[in-house]
1. Step by step: first the residues of the range 255-276, then only those that are more than 15 Å from P360 (Cβ to Cβ) and surrounded by fewer than 16 Cβ atoms within 10 Å (Cβ to Cβ), then the one that is nearest to the chain's Cα centre (by Cα). Which residue is that?
2. Considering the range 210-242 alone, what residues qualify as being at pLDDT 95 or above and of a type in the set (V, I, T)?
3. Please return the ranges of strands (runs of 3 or more DSSP E) entirely within the range 256-370 where 2 or more residues are in contact (Cβ under 8 Å) with a residue 40 or more places away in the chain and out of contact with any helix residue (DSSP H, G or I) (no Cβ under 9 Å at 6 or more places or on another chain).
4. A2 - would you say it is of a type in the set (A, V, I, L, M), in a loop (DSSP other than H, G, I, E, B) and farther than 24 Å from D180 by Cα?
5. Please work out which residue is farthest from T364 (Cα to Cα), limiting yourself to the range 36-89 and to residues that are in a strand (DSSP E or B) and in contact with a Cys (Cβ under 8 Å, 6 or more places away or on another chain).
6. For the range 73-90, which residues satisfy the criterion of being hydrophobic (A, V, I, L, M, F, W, C), surrounded by 16 or more Cβ atoms within 10 Å (Cβ to Cβ) and under 17 Å from the mean Cα position of the chain (by Cα)?
7. Cβ-Cβ under 6 Å, sequence separation 6+ or interchain: first residue in the range 26-50 and outside the structural domain of H94 (by TED's automatic domain parsing) and under 14 Å from L14 (Cα atoms), partner modelled with pLDDT of 90 or more and not in a loop (DSSP other than H, G, I, E, B). Which pairs?
8. Could you check the range 5-35 and list, in sequence order, the residues that are surrounded by fewer than 15 Cβ atoms within 10 Å (Cβ to Cβ), of a type in the set (D, E, K, R) and not in a helix (DSSP H, G or I)?
Amino acid sequence: MAMTEYRMVRPEELLMAVRLADATFRNDEQISMGKAFPHVFSSSMAHSFGAFVEGELVSFIGLVPNFIRIHESLLSVYSIGAVCTNPEHRGAGHASKLLDLVVDYADKAGASLLLVSGDRSLYLRKQCVPFGIGRKYVLSKDADQRQPRYQIREYHSNDLLRISRLASSRAVRYVHSPWDVAQLIGGGAFSSCIDQKQHILLAEDGRGVVAFAVIAAPTKDGQHGRAMEWAGEEEAVRQLLLTAVHRHHMNALEVPVMSYEHELNKLLSTYPSEQIANSGTVKVLNAQRLLEQLQPYLMTYHSAELAAEHIGSDEMSLKWSDGEKKMSASEFAACIFSGVQPQSMPAEFQKQWDGAFPLPFPYTCGLNFV
């Protein structure tokens with residue numbers, strides 16, 4: 001029986017990973033995964049892991065490092081995606097073994113969170129859990145259009161610094177350079193996965209460009225469009241979204257908005273909506289490290305420092321002042337990312353908790369989808 005080698009994929013082996021991912025996820029009309037996901041398949045990044053049988057890559061997990069800014073705090077995170085196994089080698093546990101390597105690698109690299117693009121049993125067994133809270137609005141072609149206050153136009157390449165500046169002004173965001181933004185725009189990862197065409201609209205007035213929105217527009221009848229990313233003045237963003245519906249002949253546009261985006265939620269509150277979680281799942285790699293990385297943000301709300309520890313594979317302990325609450329990974333994620341209060345908290349601490357949580361966290365299924 002041939003031996004299987006589980007290890008990091010070397011830069012010169014990434015072409016094998018692209019071929020395996022394309023065979024798994026792509027049809028003849030879709031662009032290659034290598035182009036759509038530049039950070040996964042870039043030889044300069046090369047953080048991904050694979051299972052090799054006699055030198056052939058038979059299973060793959062793409063791994064991408066990033067920083068996420070939460071006001072004054074900076075979280076170290078990894079994201080996984082493009083998870084695929086050659087059909088002839090499925091059922092052998094390759095992906096599960098690779099995921100264990102990925103978790104260990106990301107933890108040793110100092111990350112506090114592992115973001116996962118799916119919710120398969122493979123991930124749930126490893127304590128990757130649903131997280132976050134928001135609303136998905138549906139803007140139809142019949143939605144009202146108030147007299148526009150802004151001139152709305154298509155993106156040009158010389159707008160890159162403008163939209164990068166707007167993106168960087170968000171208090172809650174993935175941290176990107178203009179180079180990163182250009183690669184993510186050029187890849188159009190999620191829009192390519194749902195077989196839609198990506199468009200970027202800008203809103204400007206006498207001050208210049210004040211907002212942008214990245215939209216995935218349907219290419220087939222019956223599909224809804226999808227708002228992928230935005231930044232800038234909220235009323236300008238609202239007008240960009242409405243304009244996109246009409247300009248690109250959509251029946252409707254879905255807009256996922258996280259709970260911390262208070263003003264945009266207010267502006268869209270008259271449109272049909274439903275509550276959603278963030279996209280995919282999350283694994284807390286190290287609960288205490290997460291709280292330490294969040295400390296600058298938490299200090300705004302908490303006079304007493306929170307602490308946490310992992311008790312077992314699926315149990316954690318959250319501590320505050322002279323109190324403690326043991327909970328599962330799912331319950332911990334609900335506390336941090338959805339704002340569920342742990343029982344037995346002192347009343348004065350509950351008020352501080354309500355201010356800090358749910359933790360503002362960017363939607364993971366936009367331009368940064370892995």
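The values are calculated or read from the model by the stated rules, or taken from the named source; none is laboratory data. What you are looking at is a predicted structure, and each value in this text was computed from that prediction instead of being measured. Methodologically, a virtual Cβ is constructed for each residue, glycine included, from the backbone with ideal geometry; neighbour enumeration extends over all protein chains shown.
1. Q275
2. Once the filter is applied, which keeps residues that are at pLDDT 95 or above and of a type in the set (V, I, T), the range 210-242 yields V210, V214, I215, V237.
3. The strands (runs of 3 or more DSSP E) meeting that bar are 273-276.
4. Numbers: of a type in the set (A, V, I, L, M): yes; in a loop (DSSP other than H, G, I, E, B): yes; farther than 24 Å from D180 by Cα: yes.
In short, yes.
5. The residue in question is S59.
6. Once the filter is applied, which keeps residues that are hydrophobic (A, V, I, L, M, F, W, C), surrounded by 16 or more Cβ atoms within 10 Å (Cβ to Cβ) and under 17 Å from the mean Cα position of the chain (by Cα), the range 73-90 yields L75, V77, I80, A82, V83.
7. Matching pairs, first to second residue: none at all.
8. Once the filter is applied, which keeps residues that are surrounded by fewer than 15 Cβ atoms within 10 Å (Cβ to Cβ), of a type in the set (D, E, K, R) and not in a helix (DSSP H, G or I), the range 5-35 yields E5, R7, R10, D28, E29.
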